[in-house]
Every structure is written in structure tokens, then in C-alpha cells.
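Data first, discussion second: the structure below is written as C-alpha cells.
The values are calculated or read from the model by the stated rules, or taken from the named source; none is laboratory data. Predicted, not measured: the structure shown is a model, and the values here were computed from it. Cβ placement follows ideal geometry from the backbone for every residue including glycine, while neighbour counts extend to all protein chains displayed.
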Amino acid sequence: MPRSDQGVLKDRYMLIPRTAIFVRRGDEYLLIKGAPTKKLWAGKYNCLGGHVERGENIQFSAQRELLEETGLLADLWLCGTVIVDADPSTGICLFVFCGEDVSGEIKASAEGAVDWIKKDAVSSLPVVEDLPVLLARIHKMKKGDPAFAARSFYDESDQLKVVIGE
């Protein structure tokens, strides 16, 4: 199919691809506390991840982000997707990965401090809004389970809501 048949038009809803990575070890998850200098999520805990760069597939992007932010490697698999309605014309397509079998040693990153956090401790930490919802869903999953599909949107109070389907 030629490029012209792809239907890329400026009035269509566009998506920015990103990865979200939940690496686990038993009931602990490797989370990052955003550096105080970060423009977004400073001082808040989040999963690992970032933007998919041009020319990357999502698996490579997730492995690259994990290595850049932690110095670690892990067995990663796609466990879900989330479409985030960021504004009327542009959204985020978040490819959610689970990971286990970690190798390497944690290294410092400009993104923030990385540490293993017990799942039950997450509720007492400052976190990004969708982390508890996604973590609860991912905690129930095993490698080989069908991927979930979710949608995030901002309500009339500008609060992020997450709806997870199958």
C-alpha cells in the first residue's frame, strides 16, 4: 500500500507511542521516584519507560528504556495497551510491559531514583495517578496471559481516570 493510502490527515486523532515497564520480583516492583528537577512527575513514583523513538519497535524501546533508566536487563513481555486521551487532537498510546528475571546492577539515572517497592507499600507513596490501577491489574497477570486494553481520560475536574477492559 502506498504512503498516500495510509489516511494520515491533520484532522484525525493522532497518538504518541510510549512504553510503561513494570518489572517485578515476587511482590516487589521496580519503581522510579522522579528526580526533583524533572518537569513532569517530580518526586512521584512511577513505573519505568518512555517514548518510542522513530525506527524502534516497542519491544526494543522498552528494553532500551529499562537499560537507560536502571542499568538492568529483564525478560519483558507486552501485557497491555492504554490509550490516553491527552487532548482533543492528540493522545498517548502506552504499550505496557511486564518483566521478570532481572540481571545486572541498578545504576543511577538523571530520571530519578530506582528502587524495589513492595506492592502493598505503593498506596502510602506519592505516585502518578494511573500507577495503582495499572499495578493492580498487572499484579494478577502471568506471562502468557492475554494482554489487556485500557483507556485513560480526564474527567470534568481534570482528574485522570483509567478504564480497563479485556
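Considering GLY49, GLY26, which residue is on the phi > 0 side of the Ramachandran plot and under 19 Å from the mean Cα position of the chain (by Cα)?
On the way: GLY26 fails: under 19 Å from the mean Cα position of the chain (by Cα).
Being on the phi > 0 side of the Ramachandran plot and under 19 Å from the mean Cα position of the chain (by Cα) holds for just one of GLY49, GLY26, which is GLY49.
Among (1) surrounded by 15 or more Cβ atoms within 10 Å (Cβ to Cβ); (2) under 22 Å from GLN63 (Cα atoms); (3) out of contact with any helix residue (DSSP H, G or I) (no Cβ under 7 Å at 6 or more places or on another chain), which single condition is ASP115 missing?
Going through the list (1) surrounded by 15 or more Cβ atoms within 10 Å (Cβ to Cβ); (2) under 22 Å from GLN63 (Cα atoms); (3) out of contact with any helix residue (DSSP H, G or I) (no Cβ under 7 Å at 6 or more places or on another chain), ASP115 breaks only (1).
Considering the range 68-89 alone, what residues qualify as being surrounded by fewer than 16 Cβ atoms within 10 Å (Cβ to Cβ) and closer than 14 Å to LYS107 by Cβ?
Listed by number, the residues that qualify are GLU68, GLY71, LEU73.
Scan the range 18-41 and report the pairs whose first residue is assigned to a loop (DSSP other than H, G, I, E, B) and whose second residue is buried (at least 23 other Cβ atoms within 10 Å of the Cβ) and not charged (D, E, K, R), with Cβ atoms within less than 6 Å and a gap of 6+ or a chain change.
Cβ pairs passing all conditions: ALA35/GLY112.
How about the range 118-128: which of its residues are surrounded by fewer than 14 Cβ atoms within 10 Å (Cβ to Cβ) and part of a loop (DSSP other than H, G, I, E, B)?
Of everything in the range 118-128, those that are surrounded by fewer than 14 Cβ atoms within 10 Å (Cβ to Cβ) and part of a loop (DSSP other than H, G, I, E, B) turn out to be LEU125, PRO126.
Could you please let me know if ILE117 is among the hydrophobic types (A, V, I, L, M, F, W, C) and closer than 12 Å to CYS47 by Cα?
Values: among the hydrophobic types (A, V, I, L, M, F, W, C): yes; closer than 12 Å to CYS47 by Cα: yes.
Yes.
Would you pick out the residues in the range 143-160 that are over 18 Å from THR90 (Cα atoms) and either in a strand (DSSP E or B) or of a type in the set (Gly, Ala, Ser) (or both)?
Residues satisfying the conditions are GLY144, ALA147, PHE148, ALA149, SER157.
For LEU76, state whether it is outside any loop (DSSP other than H, G, I, E, B), within 12 Å of the chain's Cα centre (by Cα) and among the hydrophobic types (A, V, I, L, M, F, W, C).
No; evaluated as a whole, the condition is false for this residue.
Give the range 17-27 a look and list any residue that's surrounded by 15 or more Cβ atoms within 10 Å (Cβ to Cβ) and either out of contact with any helix residue (DSSP H, G or I) (no Cβ under 6 Å at 6 or more places or on another chain) or at pLDDT below 95 (or both), or say none.
Taking the range 17-27 first, the residues surrounded by 15 or more Cβ atoms within 10 Å (Cβ to Cβ) are 17-24.
Across the range 17-27, the qualifying residues are PRO17, ARG18, ALA20, VAL23, ARG24.
Residue-wise test of (1) at pLDDT 95 or above; (2) closer than 20 Å to LEU160 by Cβ.
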residue: THR37; (1), (2): no, no
residue: TRP41; (1), (2): no, yes
residue: GLU65; (1), (2): yes, no
residue: GLU111; (1), (2): no, no
